[in-house]
Amino acid sequence: MFKRLLEWLRPGGRNGSPDKLIIGLGNPGHRYAQTRHNAGFVVVERIAGKNGEWKDYRRLASICPEKIDGTAVILVRPLTYMNLSGEAVEALLSHWNLDPEDMLVIHDDLDLPVGSIRLRPGGGSGGHKGVQSIIDCLQCQSFARLRIGIGRPPAGEDVVDYVLKPFSLEERSVLEDVWELAADAARCWVKMGIETAMNRYNRRS
């Protein structure tokens, strides 16, 4: 099934390119799987579900084709590690001849409390190195983001250590609902655009 669907999405296939990319930022490998910095990976995996078929794309990203309300979407987990996320994103946009406005980037955010999400239509990186890598590679800030709150580290704890640690048990109990809310927000972006998604979901968290 995956090969047939990927062929359908490939340039020159029956229906051409996918319409949208949903990119979850994170770091590959078991070491990082449950860490705060991998919130983006978690959300795209929730969208794909248990039957999602993931495949490596040129060792730059793991991709999974999806249909959302009739719209052809590619879910993306960059494999370049967080600080080089832009390399994977640039290659995928170029391969399918898509614009930055055709993608949603999902990432963790220190400035939002655990349990909250926020959508925004563009802007700077807010200090997030994965987002900054995308901005640098594309020379563009006009792509939608879905930010997943992970909160600030306790006083005295290094930020890098904090984001690369797993969520606490207490945080995990809160985040189960957040993952589903974020997945729904991403689907809303696909179906109705960033403004509608912001109006619906920025008020709910």
* Note down all Cβ pairs under 7 Å where the first residue falls in segment 106-129 and is of a type in the set (Lys, Arg), the second is assigned to a loop (DSSP other than H, G, I, E, B), and they're at least six residues apart or on different chains. => Arg118/Leu112; Arg118/Asn202
* Give me a count of the residues in segment 61-114 that are crowded, with 23+ Cβ neighbours inside 10 Å and polar (S, T, N, Q). => 1
* Asked: Would you call Asp184 charged (D, E, K, R) and in contact with a Phe, Trp or Tyr (Cβ under 9 Å, 6 or more places away or on another chain)?
  -> yes
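Of the residues that sit in segment 136-150 and are without any contact (Cβ under 8 Å) to a residue 60 or more places away in the chain and under 12 Å from Ala39 (Cα atoms), which one is farthest from the chain's Cα centre (by Cα)? Walk me through how you get there before you give the answer.
Going residue by residue through segment 136-150, those that are without any contact (Cβ under 8 Å) to a residue 60 or more places away in the chain are 136-145, 147, 149.
The next check asks that each one be under 12 Å from Ala39 (Cα atoms); those that pass are 147, 149.
On the way: Arg147: 9, Gly149: 13 Å.
Per the criteria, the residue is Gly149.
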* Asked: With Cys188, Cys140 as the choices, which residue is in a helix (DSSP H, G or I), in contact with a helix residue (DSSP H, G or I) (Cβ under 9 Å, 6 or more places away or on another chain) and among the hydrophobic types (A, V, I, L, M, F, W, C)?
  -> Cys188
* To do: Scan segment 143-161 for residues that are surrounded by fewer than 16 Cβ atoms within 10 Å (Cβ to Cβ) and either in a strand (DSSP E or B) or of a type in the set (A, V, I, L, M, F, W, C) (or both) and report the count.
  => 3
* Qualifying strands (runs of 3 or more DSSP E) (wholly inside segment 1-113; at least 1 residues being at pLDDT 95 or above and among the β-branched types (Val, Ile, Thr)) -> 20-24, 61-68, 71-78, 103-109
* Structure fact -> Here the residues within segment 36-60 that are surrounded by fewer than 15 Cβ atoms within 10 Å (Cβ to Cβ) and in contact (Cβ under 8 Å) with a residue 12 or more places away in the chain are Glu53, Lys55, Asp56, Arg58, Arg59
* **Flag if Ser133 is surrounded by fewer than 18 Cβ atoms within 10 Å (Cβ to Cβ), among the hydroxyl-bearing types (Ser, Thr, Tyr) and either under 24 Å from Pro166 (Cβ atoms) or over 13 Å from the mean Cα position of the chain (by Cα) (or both)** => no
* Structure fact -> Taking first residues from segment 158-183 that are under 23 Å from Lys129 (Cα atoms) and modelled with pLDDT under 90 and second residues anywhere that are part of a helix (DSSP H, G or I) and among the charged types (D, E, K, R), the pairs with Cβ under 8 Å that are 6 or more apart or on different chains are none
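The values are calculated or read from the model by the stated rules, or taken from the named source; none is laboratory data. Small disclaimer: the values here were computed from a predicted structure and weren't measured. Heads up, the Cβs are rebuilt from the backbone with ideal geometry, glycines too, and the neighbour counts pull from every protein chain shown.
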